[in-house]
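Below is one structure; the comments refer to it alone.
The values are calculated or read from the model by the stated rules, or taken from the named source; none is laboratory data. All figures in this text were calculated on a predicted structure; none of them were measured in a lab. Every residue, glycine among them, receives a Cβ derived from its backbone with ideal geometry; neighbour counts consider all protein chains shown.
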Amino acid sequence: MERLLAVWVEEIATESPEGGTVRMNIALNEALTLLCPFTEIIRLGLFVLPVRGPSRFFGGEEAVLHAVLQCVFDITSRRARVGIAEGLFCAELAAKAELVIAPGESEAFRRTQPLEALGRKDLAATGHRLGIHSVGAFADIAPARIAERFNRHAFVLHRVARGELSELPGQRDTSLTRRITRLNDSGESVREQLGFFGQRGAGEIRAEEAAKRVRHRLGPESIQVANVAAGRTPQDRTAMVPWGSPAAIRDSGAPWPGQVGHPSPVTALRHPITVQLRDEFDQPIRVGERGLLSAAPAYIMFTPPQRRSITWHAGPWPLVERWWQQSRRRAQMQILLDGGEAMLLANENQAWWLTGIYD
Amino acid sequence: MFASAHPRPTLSAELIAKVRPIALATTKTLPLGEPWRGMVSSGALRRGTTTVVDAAPGQGGLSLALGLVGAASMKGHWVGVVGVDDPGVVAMTDLGVDLRRVLFVPRPRGAWAESTADLLDGVDLVIVRPPSIPAHGAVRKLMDRVRERGAVLIALSEPRSPWPLPADLSFKIAHSEWRASSRLEGRQVTIVLGGRGSAHNSTEHVVMLPSALGKGEK
């Protein structure tokens, strides 16, 4: 399970009658996104970010925690509770308890939690009657026995307790993303003025004038910025958008470089190129049911016809599945060509795509 | 973090836009990060100079160029990137580039030199990868513009589109090899440093670019 840093800000977790809570959440989400582009808002007041990348960048998890706490304080003037653990379920509990769970210890941490941590009173009541008081004790019940003693909700919770699922049903507010998108759309002009260019200094005004000249010369799409602030998926969040345009949320439907980890390809193809992989007998390479390759790839073919030898490959790795795209089965693979170039490929529905080049 | 207690400058935008970087700059150099700082005698990029990064495609030239601007970008300087299609923004962040202050002109078509010149007026550093063979005259004009504006130009030179004029500083990737185990871990590149009248002519350096952390590293 992915190691996550959870941020819990209780004061902005419930909507106040005078409004502003959602906007405060949005502001905080955007600020945290600048620290880590893969920050997600789970529900009001709860944010998570994968901690591996940022901790390398900031120089340790401790440093990331400090940066996050400072960031929350700067934006909301509140003190956040933060914690680190594997999987969303444990990460939220760790944050509320203000704990950093050492790598690999999340299971033990989960097992010691009281049954109430699973979030259902009826389940906890039944459990206590049976003498089951902790998540661990609940997890130890054989799955077949669950139906005999608990109601239908218990199946999923049992899987969470066993660590087969990383989050509770209902832990995420799935309607929140929609609301945020709607609010952002209505506040577009504000975003253009303040979002990217934030606090306007002289350097920024000069840059803006230069950008206008280029746009005048080459057209509205010609000058772009990396949009790290808006969007739903990590890929959307790092999309390129025309400078000065409202941040558009787009999905080309094609696979993207994702979670292979560092180093990351320095060229990430916005429109991945379809390629073919062949083994040494010139047979197409397929990804099998269990995520294994049909043979070792020996050649890659680009269109227009160009054939290069592959000297090394790694993967395929199934793409870390995220809740909004569970229906998509994707895998990624790294290859080295005979000329020493490194590339990132993606496979979806048995088609191969070139998605990144490590130039 | 974003809020400011300071009132906004009262100068008009047009006026501020006309102020030259050299007048705003507190120093005549832009900072270089590790591992580059130790390679260059001044330990920084001098304003008004052009640096050429010479590498075959896929050998790490782009990573090197981005690595060179990382420290300045982090310090608040604006960066322009011309002719680099589909930049990998995660990799850029890893190399230390602050994406909030980067303007991209990914596909300048025939007007790469003109758009580079436009950007040189407004940002402190410009990375340019000419999409076609750069003409002698256009390059000379650009390098003059860099001097005049006190900016820093970093030009990517590839065998297919070599930079035609000698630069103040040049990084040539002589050799590049990936380290890999169960995945790509980092690339070891051998860099030959050169440049006009510099003390470090033809010194050789070996760095990891990117390292396992995505950064540049000795």
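Within the range A:124-137, being out of contact with any Leu (no Cβ under 6 Å at 6 or more places or on another chain) and either closer than 23 Å to A:R43 by Cα or assigned to a helix (DSSP H, G or I) (or both) holds for A:A125, A:T126, A:H128, A:R129, A:V135, A:G136, A:A137. For the range B:120-148, filtered to residues that are assigned to a helix (DSSP H, G or I) and at the interface with another protein chain (Cβ under 7 Å from one of its Cβ atoms), the residue that is farthest from A:V225 (Cα to Cα) is B:D121. Residues in the range B:44-85 that are within 23 Å of A:R215 (Cβ to Cβ) and out of contact with any Ser or Thr (no Cβ under 8 Å at 6 or more places or on another chain): B:V69, B:S73, B:H77, B:W78, B:V81, B:G83.
Exactly one residue out of B:G80, B:G88, B:G110 is at pLDDT 95 or above, within 13 Å of another protein chain (Cβ to nearest Cβ) and either more than 23 Å from B:V207 (Cβ to Cβ) or more than 12 Å from the chain's Cα centre (by Cα) (or both), and it is B:G80.
Contact annotation: residue pairs with Cβ atoms under 8 Å, 6 or more positions apart or on different chains, pairing a residue in the range A:292-315 that is in the same structural domain as A:A351 (by TED's automatic domain parsing) and without any contact (Cβ under 8 Å) to a residue 24 or more places away in the chain with a partner that is loosely packed, with under 14 Cβ neighbours inside 10 Å and outside any loop (DSSP other than H, G, I, E, B), are A:A298/A:S309; A:Y299/A:R307; A:Y299/A:S309.
Residues checked against (1) in contact with a His (Cβ under 6 Å, 6 or more places away or on another chain); (2) at pLDDT 90 or above; (3) buried (at least 18 other Cβ atoms within 10 Å of the Cβ); (4) at positive phi:
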residue: A:L5; (1), (2), (3), (4): no, yes, yes, no
residue: A:V9; (1), (2), (3), (4): no, yes, yes, no
residue: A:P17; (1), (2), (3), (4): no, no, no, no
residue: A:G20; (1), (2), (3), (4): no, no, no, yes
residue: A:N29; (1), (2), (3), (4): no, no, yes, no
residue: A:P37; (1), (2), (3), (4): no, no, yes, no
residue: A:I41; (1), (2), (3), (4): no, yes, yes, no
residue: A:P50; (1), (2), (3), (4): no, yes, yes, no
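Among the residues of the range B:62-99, those identified as closer than 24 Å to A:L218 by Cβ and in contact with an Asp or Glu (Cβ under 8 Å, 6 or more places away or on another chain) are B:L62, B:S73, B:H77, B:W78, B:V79. For the range A:46-99, the set of residues classified as over 25 Å from A:T177 (Cβ atoms), within 14 Å of another protein chain (Cβ to nearest Cβ) and of a type in the set (D, E, K, R) consists of A:R56 only. Name the residues in the range B:122-145 that are farther than 17 Å from B:P162 by Cα and buried (at least 21 other Cβ atoms within 10 Å of the Cβ), would you? Those that are farther than 17 Å from B:P162 by Cα and buried (at least 21 other Cβ atoms within 10 Å of the Cβ): B:G122, B:V123, B:D124, B:L125, B:V126. Taking the criterion of being in contact with a Phe, Trp or Tyr (Cβ under 6 Å, 6 or more places away or on another chain) and either among the small types (G, A, S) or in contact (Cβ under 8 Å) with a residue 60 or more places away in the chain (or both), the only residue of the range B:120-143 that qualifies is B:D124. In summary, A:T238 fulfils each of the numbered conditions (1) at pLDDT 70 or above; (2) in contact with a helix residue (DSSP H, G or I) (Cβ under 7 Å, 6 or more places away or on another chain); (3) of a type in the set (S, T, N, Q) with the single exception of condition (1). Among the residues of the range A:259-305 satisfying the criterion of being among the hydrophobic types (A, V, I, L, M, F, W, C), out of contact with any helix residue (DSSP H, G or I) (no Cβ under 7 Å at 6 or more places or on another chain) and part of a loop (DSSP other than H, G, I, E, B), which is surrounded by the fewest Cβ atoms within 10 Å (Cβ to Cβ)? My answer is A:F281. Scanning the range B:73-83 for residues being more than 25 Å from B:R140 (Cα to Cα) and surrounded by 23 or more Cβ atoms within 10 Å (Cβ to Cβ) gives a total of 1.
Would the range B:153-168 turn up any residue that is of a type in the set (D, E), out of contact with any Leu (no Cβ under 6 Å at 6 or more places or on another chain) and free of Cβ contacts under 8 Å to residues at least 12 places away in the same chain?
The answer is no, given that none of the residues of the range B:153-168 is of a type in the set (D, E), out of contact with any Leu (no Cβ under 6 Å at 6 or more places or on another chain) and free of Cβ contacts under 8 Å to residues at least 12 places away in the same chain.
Considering B:L156, B:L165, the condition of being modelled with pLDDT of 90 or more and more than 14 Å from chain A (Cβ to nearest Cβ) is satisfied by B:L165 alone.
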